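Heads up: the structure comes next, in structure tokens.
The values are calculated or read from the model by the stated rules, or taken from the named source; none is laboratory data. Every value quoted in this text rests on a predicted model; they were computed, and no experiment measured them. Cβ placement follows ideal geometry from the backbone for every residue including glycine, while neighbour counts extend to all protein chains displayed. Keep in mind that these areas ignore ligands, DNA and RNA; they rest on the heavy atoms of the full protein, side chains included. Shrake-Rupley method; radii C 1.70, N 1.55, O 1.52, S 1.80 Å.
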Amino acid sequence: MRNFLKKTGLLAGLALTLGGATSCSKDGDGVLLFSIEDDKALGEQVAAQTDSTFRAKGQLLEPGSNPQAYAALNKIVLRVLNSGKLQYRNEFPWDVKIIKDDQTRNAFATPGGHIYVYSGLIKYLDNETQLAGVIGHEIAHADRRHTSRQLQQQYGIGVLLSLVLGNNQNALVDIANGLGQLKFSRDYEIEADDYSVEYLNGTNYYACDGAAGFFIKSQNDNQASPPEFFSTHPNPGNRVESIQAKADQLNCRNRTAGSDDFNQLRNAL
């Protein structure tokens, strides 16, 4: 009965939104018809299916199976989350999981604050500040609700509503399988870069241009096959320069953070 009331409440709320009520939110460059509760419900469904998909492949690193890795990773993530700069820090559940795939250098976020990081990305990076910068970028996609808006644009509000209500397993599997390849707009990428700087600045620990370090490393490597992160996060142009300019504006580029947690994380993998 409790789940039924929750689902019918979500349906009623979305029906009001579609009918022209003022409960729809406009964030960034798109109108999002989902409420925060819808975001959380959708994220819960997608994250559960994502876990199931990677678990079936033997690629989901369960927290209980490697507590050392998660203890180190959670310290890094919590510094970013507790920066005081997130809009939905207390509304979304916020968790992070590791996908065991050393060949894939990527990370992605579901609606509602569920973050996934590939072991290949962790092992590729040089230091903790770079990882914090990339994680900050993914947190921004969830916190600024880019993922929800992108999914709404790609699948339509009707499909997403069916997922919230748990009535469209095929679409849920499709979204979970494709979330790591979900492509964001140029405007979303710029905003996520900017907020990564804001988040890292708020930590008072990391140099706030950490994400730029990842992009510089990738450019310097001159790889024939760039990290998968670039295929799902298109370069909006002058990315490094824009991040560094934002960091200079906030005067937070010159911090020197240790990499103890990052090294513990890598060693545990």
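Numbers at a glance
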quantity	calculated
Residue list for segment 180-198, filter: among the aromatic types (Phe, Trp, Tyr) and open to solvent by less than 50 Å² (accessible area, probe 1.4 Å)	184, 188
Residue check for residue 220: part of a helix (DSSP H, G or I), modelled with pLDDT of 95 or more and open to solvent by 10 Å² or more (accessible area, probe 1.4 Å)	no
Residue list for segment 140-162, restricted to those being open to solvent by less than 10 Å² (accessible area, probe 1.4 Å) and of a type in the set (Val, Ile, Thr)	147
Single condition residue 91 does not satisfy, out of (1) at pLDDT 90 or above; (2) within 30 Å of residue 219 (Cβ to Cβ); (3) open to solvent by 10 Å² or more (accessible area, probe 1.4 Å)	(2)
Tabulated pairs, segment 160-176, first in a loop (DSSP other than H, G, I, E, B), second open to solvent by 50 Å² or more (accessible area, probe 1.4 Å), C-beta under 7 angstrom, 6+ apart or interchain	165/7; 165/11; 166/45
Hits in segment 107-139 (condition: among the hydroxyl-bearing types (Ser, Thr, Tyr), open to solvent by 10 Å² or more (accessible area, probe 1.4 Å) and either part of a helix (DSSP H, G or I) or free of Cβ contacts under 8 Å to residues at least 12 places away in the same chain (or both))	124, 129
Residue 101, sole failed condition from (1) part of a loop (DSSP other than H, G, I, E, B); (2) more than 21 Å from residue 62 (Cβ to Cβ)	(2)
Evaluation of residue 102 against (1) more than 29 Å from residue 36 (Cβ to Cβ); (2) open to solvent by less than 10 Å² (accessible area, probe 1.4 Å) (one fails), failing number	(2)
Test for residue 4: is it modelled with pLDDT under 95, over 30 Å from residue 207 (Cβ atoms) and open to solvent by less than 70 Å² (accessible area, probe 1.4 Å)	no
Residues that are aromatic (Phe, Trp, Tyr) and over 18 Å from residue 109 (Cβ atoms), drawn from segment 164-218	205, 206, 215
Any hit, segment 163-174, residues being in contact with an Asp or Glu (Cβ under 9 Å, 6 or more places away or on another chain), open to solvent by less than 50 Å² (accessible area, probe 1.4 Å) and modelled with pLDDT of 85 or more	no
All positions within segment 56-68 that are assigned to a helix (DSSP H, G or I) and either among the β-branched types (Val, Ile, Thr) or loosely packed, with under 13 Cβ neighbours inside 10 Å (or both)	56, 64, 65, 67, 68
Hits in segment 43-53 - residues which are closer than 12 Å to residue 98 by Cα and either touching a Phe, Trp or Tyr at 6+ places or on another chain (Cβ under 8 Å) or assigned to a strand (DSSP E or B) (or both)	50
First in segment 69-97 and part of a strand (DSSP E or B), second anywhere and open to solvent by 30 Å² or more (accessible area, probe 1.4 Å), Cβ under 6 Å, 6 or more apart	none
